[in-house]
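Inspection log for the structure reproduced underneath, given as structure tokens.
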Amino acid sequence: MANPYLPNWEYIPDGEPRVFGERVYIYGSHDKAGSGRFCDYVLKCWSAPLDNLNDWVCHGDIFHTLADRDHPADTDWTGEGNELYAPDVVEKDGKYYLFAYIIGAKGCVAVSDRPEGPFRLLSRYQYTIPNEICQDGWFVDPGVLVDDDGKVYIYCGFEHSFMAQINPDNMYEVLDGTCIDHIIPNQIQEEQGFCEKESLFFEAASPRKVGDVYYLIYSPQRGSRLAYATSDSPMGPFTYRGYIIDNGVEYPGGNDHGSIACIRGQWYIFYHRMTNNSVFSRRACVEKITILPDGTIPPVEMTSLGFEEALSPYRETPADIACVLKGGAYVTEKSVFERVVTGITENSVIGYKYFDFGEDYSGKTMEFAAMVEGCGCESTLHIRIDSEDGREIGCCPVGKGEGTIHAVVEKVTGRHALFFTVSTGYHNSADKEDPSDWIAGFFRGRMLFALKAFVFMK
């Protein structure tokens with residue numbers, strides 16, 4: 001399954017991956033396309049078998065803070081304004097515990113006999129932590145670690161991190177005297193490697209233990225990234241080690257949020273991307289990562305791959321799996337059934353990583369076809385490989401209307417990234433009297449077309 005790896009209609013941000021038994025589960029918040037708010041009033045769960053990461057199934061809404069069409073609220077103190085954010089689930093003694101962050105209300109813990117839920121309310125958090133530390137009990141974006149010795153730790157915070165131990169006998173009581181403030185600093189701490197503002201804590205704490213090393217994955221003050229710090233103790237101190245992935249685009253008010261999981265010996269980083277030209281419609285994505293012997297995780301790029309080794313250019317590629325979008329282009333939902341890349345201008349770049357064109361083709365050319373929706377302007381789609389200014393293998397005129405466009409392009413073999421750039425043919429002249437100048441100005445920054453899908457044919 002390519003990125004995003006869940007069905008097109010599903011918007012799951014803040015995904016927390018967990019492996020239980022022979023399945024991997026993703027627990028997340030739930031966005032809605034077109035909404036002007038982060039998240040809604042349900043938490044969602046999807047899972048896939050470890051031996052087939054393309055077979056994701058939805059387990060529905062596993063917890064509610066507001067009654068919906070067929071389910072009452074799972075709490076008796078929540079309502080409008082109490083959206084659910086960024087859950088985590090851990091297993092302890094054969095039970096599965098859901099830790100929920102509830103806007104404007106003290107969070108809670110729920111329990112289930114099954115990892116997919118549904119979960120029933122166990123209790124609100126019980127604690128004596130000063131409210132100025134734990135943000136009035138909100139326990140923002142809880143991440144939970146059940147250590148090998150049975151001790152349980154919770155990590156939380158928004159612009160101010162903290163952690164504490166939880167009573168393993170009930171899973172909701174915060175043990176007195178165990179709170180550690182600023183477990184990841186929000187001010188420069190050079191002795192711990194937090195030397196730059198972009199390394200400091202913002203939100204989204206997620207703990208993991210790999211061997212004897214404790215990892216804390218989090219969203220730093222450069223919110224497009226997921227960063228990590230390590231320690232030889234769950235209580236720190238943690239040392240900054242770098243970032244794992246960077247969305248590359250700073251959305252005002254946006255972020256990244258996710259964590260790591262090992263599936264059949266391969267490590268992955270689960271994260272989300274913004275869509276619909278907004279910070280409120282986030283979709284779940286995943287990339288392979290490597291944990292080196294020294295404990296570091298080399299940064300990885302965003303790709304269109306998801307769980308795939310490579311994409312086939314000879315199958316229809318939906319445009320919305322683009323992993324590079326520049327110059328105003330963005331993915332948007334036209335309906336439950338259709339997502340396109342829109343906002344395409346003369347300055348746009350649309351990129352996909354990576355296609356395997358194979359080695360078994362003796363021809364000199366291939367045919368390219370794309371489905372587009374024109375906006376009343378003629379333009380040209382340039383097809384490039386390896387980089388946005390890489391070798392152009394062909395170009396394709398784009399008309400004013402909706403339909404399929406075609407071009408004959410150079411033969412390509414091997415593994416390549418694919419990029420589309422756009423031109424209009426109208427450019428300002430050195431001659432101020434040139435009448436084409438007004439045409440060039442008209443096209444500058446104007447949306448030219450939307451891209452729906454494309455394919456190569458031998």
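Can you name the number of the only condition in (1) surrounded by fewer than 22 Cβ atoms within 10 Å (Cβ to Cβ); (2) in a strand (DSSP E or B) that Leu43 fails?
Of (1) surrounded by fewer than 22 Cβ atoms within 10 Å (Cβ to Cβ); (2) in a strand (DSSP E or B), only one is false for Leu43: (1).
Which condition number does Tyr352 fail, the rest of (1) free of Cβ contacts under 8 Å to residues at least 60 places away in the same chain; (2) under 24 Å from Gly248 (Cα atoms); (3) of a type outside the set (S, T, N, Q) being met?
So the condition that Tyr352 fails would be (1).
Hey, among the residues in segment 135-148 that are touching a residue at least 40 places away in the same chain (Cβ under 8 Å) and of a type outside the set (A, V, I, L, M), which one's surrounded by the fewest Cβ atoms within 10 Å (Cβ to Cβ)?
Taking the candidates together, the pick is Asp148.
With the requirement that a residue be under 17 Å from Glu159 (Cβ atoms) and of a type in the set (Asp, Glu), what does segment 194-252 give you?
Glu196, Glu198, Glu203, Glu250
Would you check if there is a residue in segment 268-289 being within 22 Å of Leu145 (Cα to Cα) and surrounded by fewer than 16 Cβ atoms within 10 Å (Cβ to Cβ)?
Checked against the condition, which is being within 22 Å of Leu145 (Cα to Cα) and surrounded by fewer than 16 Cβ atoms within 10 Å (Cβ to Cβ), segment 268-289 yields no hits at all.
How many residues are under 22 Å from Ile26 (Cβ atoms) and among the basic types (Lys, Arg) if we restrict to segment 115-171?
1
Test Tyr85 against the criterion of being assigned to a strand (DSSP E or B), modelled with pLDDT of 95 or more and either assigned by TED's automatic domain parsing to the domain that holds Tyr271 or β-branched (Val, Ile, Thr) (or both), and give yes or no.
So Tyr85 does not fit the description; no.
For segment 324-425, which strands (runs of 3 or more DSSP E) that fit wholly inside it have 1 or more residues that are touching a helix residue (DSSP H, G or I) at 6+ places or on another chain (Cβ under 6 Å)?
330-335, 338-344
Answer with yes or no whether Cys262 is in contact (Cβ under 8 Å) with a residue 60 or more places away in the chain, surrounded by fewer than 21 Cβ atoms within 10 Å (Cβ to Cβ) and part of a strand (DSSP E or B).
For Cys262, the condition - in contact (Cβ under 8 Å) with a residue 60 or more places away in the chain, surrounded by fewer than 21 Cβ atoms within 10 Å (Cβ to Cβ) and part of a strand (DSSP E or B) - is met.
Could you give me the residue pairs with C-beta distances under 9 Å whose first residue belongs to segment 63-84 and is without any contact (Cβ under 8 Å) to a residue 60 or more places away in the chain, whose second residue is of a type in the set (Lys, Arg) and part of a loop (DSSP other than H, G, I, E, B) wherever it lies, and which are 6+ apart or on separate chains?
From segment 63-84, the pairs are Trp77/Lys106; Glu83/Arg37.
Within the set of pairs 6 or more residues apart or between chains, which connect a residue that is farther than 16 Å from Gly211 by Cα and at pLDDT 95 or above inside segment 223-236 to a residue that is buried (at least 21 other Cβ atoms within 10 Å of the Cβ) and among the acidic types (Asp, Glu) with Cβ atoms less than 7 Å apart?
These pairs meet every condition: Leu226/Asp256.
Filter segment 149-172 down to the residues that are in a loop (DSSP other than H, G, I, E, B) and free of Cβ contacts under 8 Å to residues at least 60 places away in the same chain and list them by number.
If the condition is that a residue be in a loop (DSSP other than H, G, I, E, B) and free of Cβ contacts under 8 Å to residues at least 60 places away in the same chain, then Asp149, Gly150, Phe158, Glu159, His160, Asn167, Asp169, Asn170 are the ones that fit.
The values are calculated or read from the model by the stated rules, or taken from the named source; none is laboratory data. The structure presented is a predicted model; accordingly, all values stated were derived computationally and were not measured. In this analysis, Cβ positions are derived from the backbone assuming ideal geometry, glycine residues included, and neighbour counts consider all displayed protein chains.
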